[in-house]
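Data first, discussion second: the structure below is written as structure tokens.
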């Protein structure tokens, strides 16, 4: 049975939220998180600040929505990883992020702030890890079954380490221009394709 599309005020509210998120993505992407404001977003959409704050009471809550939408752009990650391999798929995303520097910077900022349990984006951050780690672990396990990953460590632990390395490399890229694609390629190869230990080296 096909679910009927939302109508009435609920549909209008969802559409308005989408418009605000799209505007925020453009404003934050151009001016950065600090330089962008809810007032700028309201002006761009010809809305009152009160209307924007009805949907997103704070700039942080809006930023979390922007980042969640960016994550949603990778809903086909598992499919691509199964087809192309986990390592190439991750590297494709790292390379794509080179053109989204401000969004990466915003993610890094809100991620650090959201480690506090009372932060309004804390639940979003925990939910993100709860979604991403099992997805990456499944992709790593699948690649291992095909011989594309040779590491024997638990897949969930490997997924956790991949995310940790990735986030750290992003910080270095933002801070001093370290090439994130080259760094991630080396890190992924070392973690997921370790050289076999020779009998002489034991």
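Could you point to the label whose value was computed as mean projected area of the Cα convex hull in nm² for the structure here, given [x] 16.6; [y] 15.3; [z] 13.2? Recomputing mean projected area of the Cα convex hull in nm² here picks out [y]. How would segment 8-62 be classified by its alpha-carbon gyration tensor: rounded, prolate or oblate, with rounded meaning a/c under 1.5 and the a/b versus b/c comparison settling the rest? Cα axes put segment 8-62 in the prolate bin.
Using the Cα gyration tensor of segment 79-124, with a ≥ b ≥ c the square roots of its eigenvalues, what is the shape: rounded (a/c below 1.5), prolate (a/b larger than b/c) or oblate (neither)? Mind dumping the intermediate values first?
Details: a/c = 4.28, a/b = 1.90, b/c = 2.25.
It comes out oblate by the Cα gyration axes.
Rank 12, 43, 59 by mean-square fluctuation in a GNM of the chain with C-alpha springs under 10 angstrom and give only the top-ranked residue. Fluctuation is largest for 12.
May I ask you to derive the relative contact order of segment 74-193, considering only C-alpha pairs under 8 Å and at least 6 residues apart, and to give it as an integer percent? Numbers along the way, then the final one.
On the way: 85 pairs, mean separation 35.4, N = 120.
Value for segment 74-193: 29 percent.
Output the relative contact order of segment 8-62, whole-number percent, from Cα pairs under 8 angstrom with separation of 6+ residues.
The normalised contact order for segment 8-62 reaches 32 percent.
Segment 144-173 and segment 12-70 have Cα centres separated by 33 Å. With a ≥ b ≥ c the root eigenvalues of the C-alpha gyration tensor of segment 118-202, is it rounded (a/c under 1.5), prolate (a/b larger than b/c) or oblate? Oblate, because a/c is 1.5 or more while a/b does not exceed b/c. Computed from Cα positions, the angle between helix 180-192 and the longest principal axis of the chain comes to roughly 50 degrees. In the chain, helical runs assigned H by DSSP with n ≥ 4 each contribute -39500 (n - 2.57); averaged across all residues and rounded to the nearest 500, the mean residue ellipticity at 222 nm is -24000 deg cm²/dmol.
Once the Cα atoms are used to define both axes, helix 59-72 deviates from the longest principal axis of the chain by about 50 degrees.
The angle between the Cα long axis of helix 86-96 and the longest principal axis of the Cα atoms of the chain comes to about 40 degrees, rounded to the nearest 10. Per residue, the average separation of C-alpha pairs within less than 8 Å and at least 6 apart gives the chain a relative contact order of 18 percent.
Bear in mind that the values in this text are calculations on the coordinates, not laboratory data. Only a predicted model underlies this, so the values are computations on that prediction, with no experimental measurement involved.
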